[in-house]
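Written below as structure tokens is the structure these notes are about.
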Amino acid sequence: MTASQTIAVTGATGQLGRLVIAALLARTPTPRIIALARNPAAAQDLAERGVAVRAADYEDSAAVAAALSGVDKVLLISSSAVGRRAAHHRSVIDAAAAAGVTLLAYTSILHADTNPMVLASEHRETEAQLLASGVPHVLLRNGWYTENFTASAWPAIAHGAVLGSSGDGRISSAARADFAAAAAAVLTSGEDQAGRCYELAGDSAYTLGDYAAELARQSGKPVVYRDLPEADFAAALEGMGLPPALAKALADSSAHTKAGALFDDGGDLRRLIGRPTTPMAETVAAALAAAG
């Protein structure tokens with residue numbers, strides 16, 4: 001990219017967004033980075049680092065259009081509002097088209113075109129929207145974040161069990177920071193990225209049984225993997241306080257993991273970030289240290 005190009009990041013105050021901003025700060029001049037946030041006050045720390053902050057609520061198309069005015073490249077981090085994602089994404093895609101952005105990078109899901117998970121359907125719809133829009137774009141098909149599991153590491157240790165419906169399905173996850181580094185690499189690349197599709201996954205795959213064993217090893221407590229029927233796992237997640245729709249979607253994802261929906265060994269992520277991806281054991285150690 002040239003020194004004068006601006007890069008806007010949607011969802012900049014989210015977990016992935018903040019990591020992308022940090023990765024971009026190490027690669028490009030701060031004044032060229034624009035953080036888009038529904039609540040700009042939550043991005044005060046970014047503003048203090050010299051990052052421009054603009055209000056952009058997915059539900060407010062006019063605000064999104066104003067936020068993308070004069071922007072060269074956009075990272076569209078997928079909305080967290082399951083069921084509303086495609087509509088949210090359309091507001092950004094339409095605004096990007098109107099603004100004449102030179103590249104829109106979208107964080108999709110691993111193997112979105114064939115992934116049978118319920119969660120993949122809105123990603124496929126968004127990819128179709130992008131194709132129809134004519135906006136130059138690149139697909140960052142992110143696999144599972146290891147933090148999706150380690151966020152509940154201590155409760156699993158306390159109960160002595162990791163629950164799921166994945167059987168012996170292998171999961172090629174990586175740390176969220178790995179995916180953020182990949183996004184920053186694509187956005188700042190000197191090569192034309194339009195039309196490319198990256199299947200992003202960790203170097204080493206593991207089962208939930210392996211994950212439970214790693215929790216046991218690092219905590220010194222007995223932890224086992226308990227495989228449940230999909231409906232029972234969904235009920236368990238609801239019992240933990242998750243909304244029914246989300247619990248059902250996560251149980252569906254776990255069940256499809258059994259058939260390889262979260263496995264990939266193509267190495268795209270490793271090549272983009274120029275180093276091995278973060279091992280699951282390292283992310284486990286970080287989670288236990290942070291909450292211990």
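The values are calculated or read from the model by the stated rules, or taken from the named source; none is laboratory data. These figures come from a predicted structure and were not determined experimentally. All Cβ positions, even for glycine, are placed from backbone atoms using ideal geometry, and neighbour counts span all protein chains on display.
When the stretch 247-292 is examined, which residues are found to be touching a Ser or Thr at 6+ places or on another chain (Cβ under 6 Å), hydrophobic (A, V, I, L, M, F, W, C) and within 25 Å of Ala183 (Cα to Cα)?
Phe263, Leu269, Met280, Val284, Ala287
Out of the residues in the stretch 240-292 that are closer than 25 Å to Leu119 by Cα and among the acidic types (Asp, Glu), which is surrounded by the fewest Cβ atoms within 10 Å (Cβ to Cβ)?
The residue in question is Asp265.
Take the residues of the stretch 200-224 that are in a loop (DSSP other than H, G, I, E, B) and of a type in the set (S, T, N, Q): which is farthest from the chain's Cα centre (by Cα)?
Looking at the filtered set, the residue picked out is Thr207.
Exactly one condition in (1) touching a residue at least 40 places away in the same chain (Cβ under 8 Å); (2) closer than 26 Å to Ala247 by Cα is false for Gly70; which is it?
The number of the failed condition is (2).
Looking only at residues in the stretch 133-179 that are surrounded by fewer than 22 Cβ atoms within 10 Å (Cβ to Cβ) and among the polar types (S, T, N, Q), which one is nearest to the chain's Cα centre (by Cα)?
My answer is Asn148.
From Thr107, Thr114, grab the single residue that is at pLDDT 95 or above, in a strand (DSSP E or B) and within 20 Å of Thr257 (Cβ to Cβ).
Values: Thr114 fails: in a strand (DSSP E or B).
None of the other options fit; the residue is Thr107.
Can you pull out every residue in the stretch 124-134 that is within 19 Å of Ala112 (Cα to Cα) and in contact (Cβ under 8 Å) with a residue 24 or more places away in the chain?
Glu125, Thr126, Gln129, Leu130, Ser133
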